[in-house]
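Some notes on the structure that comes next.
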Amino acid sequence: MKNTTVFLARRILTNVNNPASRLRYYCSPPSSSSPPCNNKLFVGGLSWSVDERSLKDAFSSFGEVTEVNILYDKDSGRSRGFGFVNFSKEDDARSAKDAMDGKALLGRPLRISFALEKVRGGPVVVPRLSNIGDVTSRNT
């Protein structure tokens, strides 16, 4: 545990001293292997009337859709307004993202991005929204 704490403290200090750093790592350093391919899209801004079939139909023109998942509220049973679309190929997912982001589906504009993998017990990577140098210069 001590080594993890030392690494964490050292990594945070590195970010403070290096404003070019855009990511903050917790628990462990990033792996040296290349990131896994991402065939899964997050689709936000869904109308309550969109179901899995209509979402699959909207994206199937870009390639083979292997899975569609819309999340529903457990109390009301209504859509929570977002879901996920999996493609068999990463290039198909990229094409769909580029073409459909901002386009309307059943009257609502879609917000599409590549989905982040849900990892339990692994390192957490938090994207930085602003340079740490901008924050420290405001505080001094």
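The values are calculated or read from the model by the stated rules, or taken from the named source; none is laboratory data. Predicted model, so just to flag it, every value in this text is computed and none were measured. Note that we place each Cβ from the backbone using ideal geometry, even for glycine, and neighbour counts take in every protein chain shown. Areas reflect the complete protein model, heavy atoms only, side chains present, ligands, DNA and RNA absent. Shrake-Rupley method; radii C 1.70, N 1.55, O 1.52, S 1.80 Å.
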Review point. So which residues in segment 64-73 are assigned to a loop (DSSP other than H, G, I, E, B) and at pLDDT 95 or above?
Key: E64
Check your understanding: Which one of S76, S61 is more than 20 Å from the chain's Cα centre (by Cα) and outside any loop (DSSP other than H, G, I, E, B)?
Key -> S61
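The rows are residues; the columns are (1) at pLDDT below 95; (2) under 17 Å from L41 (Cβ atoms); (3) touching an Asp or Glu at 6+ places or on another chain (Cβ under 6 Å); (4) not in a strand (DSSP E or B).
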position: K118; (1), (2), (3), (4): yes, yes, no, yes
position: V126; (1), (2), (3), (4): yes, no, no, no
position: D134; (1), (2), (3), (4): yes, no, no, yes
position: R138; (1), (2), (3), (4): yes, no, no, yes
Check your understanding: Tell me, which residue of segment 56-68 that is of a type outside the set (V, I, T) and buried (at least 18 other Cβ atoms within 10 Å of the Cβ) is nearest to F84 (Cα to Cα)?
Key -> F59
**Study point:** Number of positions in segment 46-55 that are open to solvent by 20 Å² or more (accessible area, probe 1.4 Å), within 18 Å of R111 (Cβ to Cβ) and not in a loop (DSSP other than H, G, I, E, B)
**Key:** 1
Exercise for review: Tell me, please, whether a residue that is open to solvent by less than 80 Å² (accessible area, probe 1.4 Å) and modelled with pLDDT of 50 or more can be found in segment 29-39.
Suggested key: yes
Exercise for review: Would you mention how many residues in segment 73-91 are of a type outside the set (A, V, I, L, M) and surrounded by 15 or more Cβ atoms within 10 Å (Cβ to Cβ)?
Suggested key: 8
